[in-house]
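The next block holds one structure in the form of structure tokens; read it before the comments.
The values are calculated or read from the model by the stated rules, or taken from the named source; none is laboratory data. Please read these numbers as outputs of a predicted model, since none were measured by experiment. Cβ sites come from the backbone with ideal geometry, for glycine too, and all protein chains shown count toward neighbours.
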Amino acid sequence: MRDFVNYVFLTLVISVLTACYQTDSSLQGSSDKKPLDKVSLDGESSEDLWAKRAWIDKAARSLRYGEGISPAEDVDSLMSMPKDEIIEYLMKDLRFLDTILDFNLFFLGLKNDSLYRIERPAQNVESRNYDIMSLSPASLSSARAVWENGDYFKLFSFEHPFYNDELFYEVPTDRKSPGQSDRDYRLDNINLALDNYRQLLVLLDQRIEQGGGAKEFCEKFSEIHSSIENNLYKTEFPRQLINNFTGISTPDFDLQIACFFSDTLDFVKFKGVLARQMERVVKLVAIVDHPNVSTPQVVKSPLDILTFQNGDFGIESKPDIFSFQSWFKLPNSSTNFNRKRAAYVLKTYFCDDLTPINIALPSSHAGNKHADDPSCASCHYKMDPMAGFFRNRGIFGSNFENKNIMLFDDQALFQGEKYNSYMNTWKAPSELGREWNVGYIRSATDPKKNSYGDSIADLMKIIRTSNEVKQCLTKRMTEYFLGSDQVYDAGWVSSLAKNFEAADKSGDAGASSQAFKEVVKKLLLSNTFVKQDPEKNQCYDYAPGEEVSSLPCEVSFLINKNCVQCHSANGAAGGLDLSTWSKRGTGELNFSHIDRNGIQQTKSQTFEKLITSLSTNDKEKLMPLNKFMAPTERAQIYKWIERESSTAVVGGLK
Amino acid sequence: MNRLSRLYFKKTVKTFFLAISLSVLSVGSGCSRVTDTSDVKASGAPVGGFKGYAATQKVIATRLFEGARDSFNFNPYLGYEGSLLKLLGSFENLGSTTSFENSTPNAMNMLLWQIIFSGLSKDIAKSCGDGSLVIGESLKYNYNSSFANRLGALCMWPEAKVKNEANLLNLWLAVQGFDAPRQEFDSWRDFFLSPDSPYANSTYQEAIKAMLMTMFLTPDFLLEH
């Protein structure tokens, strides 16, 4: 019976402790028995000291990849410092580099629960494997740049070195001959692989002399090629390093097409390909004795990841917009025509989730279904030109430029007329003065607003220089450091993004790193960060000098920027005043919206009007009238209206 | 009722009431704690989700252990079924995007947290004075000296000399840090120091286990805020 009572009591107490918290009189009563400033906290304490101490731990967790203040740290020194100095102190910790790298992966949609895994390249030796080449080399280049006061915008760069993130392991003893060193074992296996290459070259010479189809050669090639791979992998060099340096695992598509489709192969040309691959395998020998290659390899931070610059060992690094893993996740099919890749770029770099809002169509267009139908064009006017940047990239991102064929991820092969029709999807009419309708499209009706290009390198330049990307980057930083479920004032986010825009204009390579740190600092000093248990629908931070209006903060800045010029208390066009938001005569929160008879409209009537005005394809009625509004801003207001409409009285929009 | 039946009844009742309190926790964690009276607050919409299993593991590893940043994890308490951890808040790469999934408290994931922290709290309580946490046969994590001392100070419970605010505050700060408002500690302290507390005369294992569980299973510890 006593146990029963105890359990009931415990249940009730736990419920009281963890249910809705309020600083009401019942809790005040208990804390009044021991006022805060009288209770020991390793010394004297007060509510302010408690709050600062909580902030320090939260800031440490934010900046040190989840590790807060440990008991061994000198907290008293931190408590005596102002908050901005504490942030600067924490940013000098090597764990901040992990945070930057983690954020970069978050920005690119590649974040995992753990930034690295622990491996043991030898007994009693622990090392980190960040797996960065398969995720995003640009993330690491950018993170290191912040650490070294370089260019943070390497995040948007095409060019990066080869980061060897698979570890160098000790060769297991049972693989080596007695007394054989790791070095000699590796050299033996490289020599075996080179012997296999010589075999292949002899075979090719026979083919060149005797002629014949490709398929018979393909069988023998396949067998010897497997042997080459096995011998190279037996060296216990990281596989990624072997694959990247030698190209051994990259399928030669001429050979693939010959073996599986045409039975015709240019053996002389292919002999040249193999000979070049063999030369690269020879250069692996030099890596065996490279001074920075240690066995076992120990990586304790992103700084320890072994880096090979373009040109090391005569190797050309192969920069690319995406890693292999990313290409794999963004397949190109014979029906989607790179739109998945385009949607990823728009969402990731421009924060454009392609909210479908009808658009005003241009007077001349390609004349296909997507361009003719406004509801289709609402997404495709942005997506299709963006997809054009990837038109030469087929299966697993392979480059088919100048090959006049396209092999898609769904194994479909386009050649001849089909290939030409595929490429013509992006051909621009001659009167436009450019070859391709490829670019980042801001406006379907005003080409001057758009950024056109041709290649993926052009795309990276557009990303690098666009203010929309800097705004998106800042928005993601806000979500990362303050929480993704929280509403933020767009004006405040925009004011933070100005740090990056200013850095760009300065021309100083280190300015972008300083901008990154400055934005992080402002986020950690913000009211939102400090707020215990924030309301997710409430904004706590505003741009300096920004007047806080009665408008819902999620859209306040955007409405003031785009709409209030014509729809304000002084001259409300159409009777609609968008400058105030309050309870109206109908009892609902709404804008002032007076019809011709002087009657306040209901919320559903007002919002129906707003939806129509924002999404009409009649450019004479599209709001804001004769003024450009960025697609992402229009989408944000639109989505807010849709959400608010769901709370409007029946009879309006649902 | 014979001895076996009594033991069984005791376990059943204990589980039943813990389940009730967890259900209340699940509901309670959705409630707001702000003191102003806005319309939004009155709706009771949740304002934070779990920080996630990975972040929670890291917090515990930093505050309690030495050198366990990359090794401590909750797997042993879920039968090494790692995929269950995903239900406690994790980043998922769904196609070409990343999103944080399973962050909203519900009966299922609260049950998993209860299983984890029940096991962890019990093992920590058992290790009083040992200087390290041992899980199962061989898994061992060394406490940092600060936590070892603070835990050790309570190993003589229920003796009167250990029942004081300072010892409890030290344990609270070691585990909770300053994440929770001061009033939370006050209520927690009052519960355990009250002469009528159900733990007033319990063994140190029971008391320390309860202390730890009532710290781990709180919104301030589990939720992102």
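Kindly indicate whether A:K176 is buried (at least 21 other Cβ atoms within 10 Å of the Cβ) and basic (K, R).
No; evaluated as a whole, the condition is false for this residue.
Tell me yes or no: at least one residue of the stretch A:540-551 is closer than 11 Å to A:G491 by Cβ and within 14 Å of another protein chain (Cβ to nearest Cβ).
No: the stretch A:540-551 contains no residue that is closer than 11 Å to A:G491 by Cβ and within 14 Å of another protein chain (Cβ to nearest Cβ).
Out of the residues in the stretch A:439-462 meeting the condition of being among the aliphatic types (A, V, I, L, M) and within 24 Å of A:K627 (Cα to Cα), tell me which one is surrounded by the fewest Cβ atoms within 10 Å (Cβ to Cβ).
Among those residues, the one meeting the criterion is A:I441.
Within the stretch A:54-73, how many residues are more than 7 Å from chain B (Cβ to nearest Cβ) and among the hydroxyl-bearing types (S, T, Y)?
Counting residues in the stretch A:54-73 that are more than 7 Å from chain B (Cβ to nearest Cβ) and among the hydroxyl-bearing types (S, T, Y) gives 2.
Looking at the stretch A:213-238 only, could you name the residues that are under 39 Å from the mean Cα position of the chain (by Cα) and surrounded by fewer than 15 Cβ atoms within 10 Å (Cβ to Cβ)?
A:S222, A:S226, A:N230
May I ask you to say which residue of A:F162, A:F168, A:F158 is surrounded by 15 or more Cβ atoms within 10 Å (Cβ to Cβ) and more than 26 Å from A:V345 (Cα to Cα)?
A:F168
Would you confirm whether or not the stretch A:161-174 contains a residue that is away from chain B (no Cβ under 14 Å), assigned to a loop (DSSP other than H, G, I, E, B) and modelled with pLDDT of 95 or more?
No, because not a single residue in the stretch A:161-174 is away from chain B (no Cβ under 14 Å), assigned to a loop (DSSP other than H, G, I, E, B) and modelled with pLDDT of 95 or more.
Identify all residues within the stretch A:261-306 that are in contact with a strand residue (DSSP E or B) (Cβ under 8 Å, 6 or more places away or on another chain) and not in a helix (DSSP H, G or I); write none if there are none.
A:N292, A:V293, A:T295, A:P296, A:Q297, A:V298, A:V299, A:K300, A:S301, A:I305, A:L306
Just one of (1) of a type outside the set (S, T, Y); (2) modelled with pLDDT under 90; (3) outside any loop (DSSP other than H, G, I, E, B) trips up A:D188, so point out which.
All conditions are met except number (2).
Which one of these is out of contact with any Pro (no Cβ under 9 Å at 6 or more places or on another chain) and at pLDDT below 90: A:A497, A:A573, A:A503, A:A543?
Of A:A497, A:A573, A:A503, A:A543, the one residue that is out of contact with any Pro (no Cβ under 9 Å at 6 or more places or on another chain) and at pLDDT below 90 is A:A573.
For the stretch A:110-134, which positions are buried (at least 21 other Cβ atoms within 10 Å of the Cβ), within 12 Å of chain B (Cβ to nearest Cβ) and touching a helix residue (DSSP H, G or I) at 6+ places or on another chain (Cβ under 6 Å)?
A:L110, A:K111
Within the stretch A:408-418, can one find any residue that is farther than 20 Å from A:D252 by Cα and either touching a residue at least 40 places away in the same chain (Cβ under 8 Å) or part of a loop (DSSP other than H, G, I, E, B) (or both)?
Scanning the stretch A:408-418, I find at least one residue that is farther than 20 Å from A:D252 by Cα and either touching a residue at least 40 places away in the same chain (Cβ under 8 Å) or part of a loop (DSSP other than H, G, I, E, B) (or both), so the answer is yes.
Could we say that B:S146 is among the small types (G, A, S), within 10 Å of another protein chain (Cβ to nearest Cβ), out of contact with any Phe, Trp or Tyr (no Cβ under 6 Å at 6 or more places or on another chain) and farther than 23 Å from A:K58 by Cα here?
Judged against the criteria, B:S146 is not a match.
Pairs, please: C-beta under 8 Å, at least 6 apart or cross-chain, first residue closer than 14 Å to A:Q256 by Cα and in the stretch A:392-406, second of a type in the set (A, V, I, L, M) and assigned to a helix (DSSP H, G or I)?
Filtered contacts from the stretch A:392-406: A:I405/A:I257.
For residues that are free of Cβ contacts under 8 Å to residues at least 40 places away in the same chain and of a type in the set (K, R), scanning just the stretch A:463-503, find the one that is nearest to A:A543 (Cα to Cα).
For the stretch A:463-503, the residue satisfying everything is A:K498.
Identify all residues within the stretch A:103-114 that are over 18 Å from A:A515 (Cα atoms) and touching a Ser or Thr at 6+ places or on another chain (Cβ under 9 Å); write none if there are none.
A:L105, A:F106, A:L108, A:G109, A:L110, A:K111, A:N112, A:D113
Whether any residue in the stretch A:559-569 is within 27 Å of A:Q486 (Cα to Cα), in contact with a Pro (Cβ under 7 Å, 6 or more places away or on another chain) and part of a loop (DSSP other than H, G, I, E, B) is what I want to check.
yes
Kindly establish whether B:L222 is within 11 Å of chain A (Cβ to nearest Cβ), at negative phi and modelled with pLDDT under 95.
Yes.
When you scan the stretch A:74-90, do you find a residue that is within 12 Å of another protein chain (Cβ to nearest Cβ), over 14 Å from A:V520 (Cβ atoms) and of a type outside the set (D, E, K, R), even just one?
Yes.
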